Amino acid sequence: MEEKMSRRERKKIQSKQTILQAAVHVFSTKGFQETSIADIMNQADLGIGTFYNYFESKEDVLKCLLKSVVEEICQAFEKFVEDKCAPADILEKTVMLSARLLSENRFVLPLFLSAANLSGMPEGSAELPAEPSAFKLLFNRIIASGQDSGAFREDIPTEVVTELFHSMFQAASFSSLPMGFEENIRLKLQLVLDGLRAR
């Protein structure tokens, strides 16, 4: 009986993962607003009823995908700290990893940006998820650590710098410049780092 339970649990985990992978594919090709639950489940090759065993709505799927992105960024950050990287390097690596993951998963950008602007929420989303707020706290921690070590200027409140990073992602996502999202972030980041480093 115990083996059956563990097989069933494995099947549940696999089904949820299949739905998430299908959602990534369909959101990427059709866009979030144009995607239906039927589209996701057709791609997953599972019945529509199975969807509701794991998610309440496609917005719920989006929140789950955003959570995965933020968790990956946070895990990478912990590794950078563990490797005793300099604060500026941690900041640069964390920002560029964020840019890459958000570029690869553009459909989560509106939800990500809604950390500071509720109007960015996808239609039908009732509340702000905790993940973007966790992301802001992560950046506060990086800036505060850099200030404590003397690597970053202390005359600028950490919250102001964190808000600037959020604005940088927002500006890059709406940019009409002839360059990719990641390159846009990289160039903006260099300007911020130049102004942030202690003299």
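The values are calculated or read from the model by the stated rules, or taken from the named source; none is laboratory data. Remember, predicted model here, so these are calculated numbers, not experimental data. Cβ sites come from the backbone with ideal geometry, for glycine too, and all protein chains shown count toward neighbours.
What number of residues within the range 144-173 satisfy the criterion of being buried (at least 20 other Cβ atoms within 10 Å of the Cβ) and either within 19 Å of the chain's Cα centre (by Cα) or on the phi > 0 side of the Ramachandran plot (or both)? Spell out how you get there, then give the answer.
Narrowing the range 144-173 to residues buried (at least 20 other Cβ atoms within 10 Å of the Cβ): 146-147, 152, 161-162, 165, 169, 172.
Going one step further and asking which of them are either within 19 Å of the chain's Cα centre (by Cα) or on the phi > 0 side of the Ramachandran plot (or both), we end up with 161-162, 165, 169, 172.
Looking only at that region, the number is 5.
Quick one: count up the residues across the range 68-92 that are closer than 16 Å to residue 197 by Cβ and either in contact (Cβ under 8 Å) with a residue 12 or more places away in the chain or touching a strand residue (DSSP E or B) at 6+ places or on another chain (Cβ under 7 Å) (or both). Spell out how you get there, then give the answer.
Our first condition is that a residue be closer than 16 Å to residue 197 by Cβ; within the range 68-92, this holds for 85-92.
So of that shortlist, the ones also either in contact (Cβ under 8 Å) with a residue 12 or more places away in the chain or touching a strand residue (DSSP E or B) at 6+ places or on another chain (Cβ under 7 Å) (or both) come out as 86-88, 90-92.
Counting residues in the range 68-92 that are closer than 16 Å to residue 197 by Cβ and either in contact (Cβ under 8 Å) with a residue 12 or more places away in the chain or touching a strand residue (DSSP E or B) at 6+ places or on another chain (Cβ under 7 Å) (or both) gives 6.
Which of the residues spanning the range 134-170 are small (Gly, Ala, Ser) and either modelled with pLDDT under 90 or not assigned by TED's automatic domain parsing to the domain that holds residue 109 (or both)?
Narrowing the range 134-170 to residues small (Gly, Ala, Ser): 134, 144-146, 149-151, 167.
Of everything in the range 134-170, those that are small (Gly, Ala, Ser) and either modelled with pLDDT under 90 or not assigned by TED's automatic domain parsing to the domain that holds residue 109 (or both) turn out to be 134, 167.
Hey, can you tell me all the residues within the range 31-66 that are farther than 21 Å from residue 13 by Cβ, among the hydrophobic types (A, V, I, L, M, F, W, C) and not in a helix (DSSP H, G or I)?
32
Mind counting the residues in the range 174-199 that are over 21 Å from the mean Cα position of the chain (by Cα), in a helix (DSSP H, G or I) and surrounded by 13 or more Cβ atoms within 10 Å (Cβ to Cβ)?
2
Can you confirm whether residue 103 is over 28 Å from residue 175 (Cα atoms) and of a type in the set (S, T, N, Q)?
Numbers: over 28 Å from residue 175 (Cα atoms): no; of a type in the set (S, T, N, Q): yes.
No.
Please work out which residue is nearest to residue 195 (Cα to Cα), limiting yourself to the range 46-67 and to residues that are of a type in the set (A, V, I, L, M) and under 13 Å from the mean Cα position of the chain (by Cα). It would help to see each step written out before you state the result.
Step one: of the range 46-67, the residues of a type in the set (A, V, I, L, M) are 46, 48, 61-62, 65-66.
Okay, now just the ones that are also under 13 Å from the mean Cα position of the chain (by Cα), so 62, 65-66.
On the way: 62: 35, 65: 33, 66: 30 Å.
Per the criteria, the residue is 66.
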